[in-house]
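Visitor: Okay, here's the structure, questions in a sec.
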Amino acid sequence: MNDARAAFFGGMLLLTLCVVAAGLVFGWPHAAITALSFCVYFLLRQMQEIGRLLDWVRQPLGTPPPVAMGDGVWDMVFGGLTRHHRDSMLERHQLNLALDRFRLAAEALPDGVVILDDAQQIEWMNRQAGLCLSLHATADVGTRILHLLREPEFQIYLADPNNFDHALLLSTTRSPGRFLQLQMMPFSAGRSLLLVRDTTQLVRMSTMRRDFVANVSHELKTPLTVTLGFLEALEDAPAETPPEERAHYVQMASTQARRMQSLIEDLLTLSMLETDAQPKDECVDLLKLIESVLADAQALSKNQHEILLEIDSPVIIIHGDKSELHSALLNLASNAVHYTPAGGRIVLHWRILETGEGELGVTDNGIGIALSDIDRLTERFFRTDRGRARVGNASGTGLGLAIAKQVVERHHSKLMIRSVLGQGSTFCIVFPADRLA
Ligand code: ADP
């Protein structure tokens, strides 16, 4: 400002000196005309520069100021404005960068974030919030959140700020099948953050855990009740009860005890398979594995079935955990024995497929499985129609195929099941080519 004033007064002094010099040299009338023309020119220049300034003021924010035209005072004005404009553009750019960083960070959050204004209208939301609540990141901006989430429990939650110290569990019609946890976090001047967390997986896991505990309790309760029944019968049996009858009670009780034992062993195996990081990487001799399972299956069948081997491809070495693979194949073979009536045929086969994968399977011509049950076979405790007990034996634990599936998955392989009700089944483990040596 001081510079501008100095330039102005400097200019006036120069003008006065010029007029006085012109008066002394050419006479005072000439000097007066010169001074007058100069004043008119000066006024026109000021009006021109003021016009340029006003034009610029009317431009949208961010338009650079007019360039200086070599006029001392206006040079300073426009130079100052240009500097100011440059600094504010730089500041704006930095603010934009900070805002972009904030947006990227908010987008990277695993939870949904919605910013609401003091009227609970949406100001902004991240992608996750859009996904969880099925909201549109641009079209729904400016809409009251209550108009979009109409569940009564959400309305009640929003109505009382005392609720905001805890989260609300909500299942909304906007995202059917999802379970959400919503929490309002008020911040400056009536604005609030609405945090949205998708808890569907957690809810499913806790339901599964609850079902699992209920199933285990139920599976243990039945044999335990039967065992207690036989033991009480034994206790209360009159002295003259024949020894064969007592032996029968003991035998029945011990069958149930063995059932509980195998249930617990299967549960421990499952939990070990789930917690153990990696299966061993052993060179498993396939022929030995199949022969050992064949011998076990024959012992189980007690010569009631015809059990055969079909080896269509060179027998090789498989990379994997010997005891896990043995238990998986034995489960498939013993199921074939259990679910094939006496006189039936069971075939253990090995072949290399066109894809280079290796297929190790068990085929029986037993009772078969209904199409609708096939997808559920590897669920824990799933048994097809419970009324159809195992052929010639007490019912199984319902965990064998769940264990086999775990083993197969740990070996990056696939468990394939084909079956026709009343005709028989084929269960195959398909190993990827890189597991075969
Ligand atoms: P389980 O101990 O009951 O045999 P699994 O998990 O091994 O448990 O098998 C689950 C269910 O799958 C069995 O209860 C049976 O209903 C059915 N299943 C398995 N293998 C066969 C098969 N080869 N033929 C017919 N049904 C089978």
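Visitor: Scan segment 299-315 for residues that are outside any strand (DSSP E or B) and surrounded by 17 or more Cβ atoms within 10 Å (Cβ to Cβ) and jot them down.
Guide: Of everything in segment 299-315, those that are outside any strand (DSSP E or B) and surrounded by 17 or more Cβ atoms within 10 Å (Cβ to Cβ) turn out to be Leu300, Ser301, His305.
Visitor: Now a separate question. Please tell me if Ile318 is modelled with pLDDT under 95, surrounded by 21 or more Cβ atoms within 10 Å (Cβ to Cβ), of a type outside the set (Asp, Glu) and touching a strand residue (DSSP E or B) at 6+ places or on another chain (Cβ under 6 Å).
Guide: yes
Visitor: Right, something else. Spot the failing condition for Thr269; the list is (1) more than 30 Å from Ile317 (Cα to Cα); (2) of a type in the set (S, T, N, Q); (3) assigned to a helix (DSSP H, G or I), and only one is missed.
Guide: Evaluating Thr269 over (1) more than 30 Å from Ile317 (Cα to Cα); (2) of a type in the set (S, T, N, Q); (3) assigned to a helix (DSSP H, G or I) leaves (1) as the failure.
Visitor: For segment 114-131: of the residues being touching a residue at least 60 places away in the same chain (Cβ under 8 Å) and in a strand (DSSP E or B), which is surrounded by the fewest Cβ atoms within 10 Å (Cβ to Cβ)?
Guide: Glu123
Visitor: Taking the conditions exactly as written (over 13 Å from Leu194 (Cα atoms), part of a helix (DSSP H, G or I) and assigned by TED's automatic domain parsing to the domain that holds Ala167), does Leu99 satisfy them or not?
Guide: Spelling it out, it is not the case that Leu99 is over 13 Å from Leu194 (Cα atoms), part of a helix (DSSP H, G or I) and assigned by TED's automatic domain parsing to the domain that holds Ala167.
Visitor: Condition test on Ile369, is it in contact with a Phe, Trp or Tyr (Cβ under 6 Å, 6 or more places away or on another chain) and within 12 Å of the ligand (Cβ to nearest atom)?
Guide: no
Visitor: Of all the strands (runs of 3 or more DSSP E) wholly in segment 328-437, which have at least 2 residues that are surrounded by fewer than 16 Cβ atoms within 10 Å (Cβ to Cβ) and among the charged types (D, E, K, R)?
Guide: Per the criteria, 345-352, 414-420.
Visitor: Let me ask you something else. State the number of residues belonging to segment 53-82 that are farther than 24 Å from Leu14 by Cβ and open to solvent by less than 60 Å² (accessible area, probe 1.4 Å).
Guide: Count: 7.
Visitor: Hey, can you tell me all the residues within segment 263-282 that are surrounded by fewer than 12 Cβ atoms within 10 Å (Cβ to Cβ) and in contact with a strand residue (DSSP E or B) (Cβ under 8 Å, 6 or more places away or on another chain)?
Guide: Asp281
The values are calculated or read from the model by the stated rules, or taken from the named source; none is laboratory data. Source: prediction; values computed, not measured. All Cβ positions, even for glycine, are placed from backbone atoms using ideal geometry, and neighbour counts span all protein chains on display. Keep in mind that these areas ignore ligands, DNA and RNA; they rest on the heavy atoms of the full protein, side chains included. Shrake-Rupley method; radii C 1.70, N 1.55, O 1.52, S 1.80 Å.
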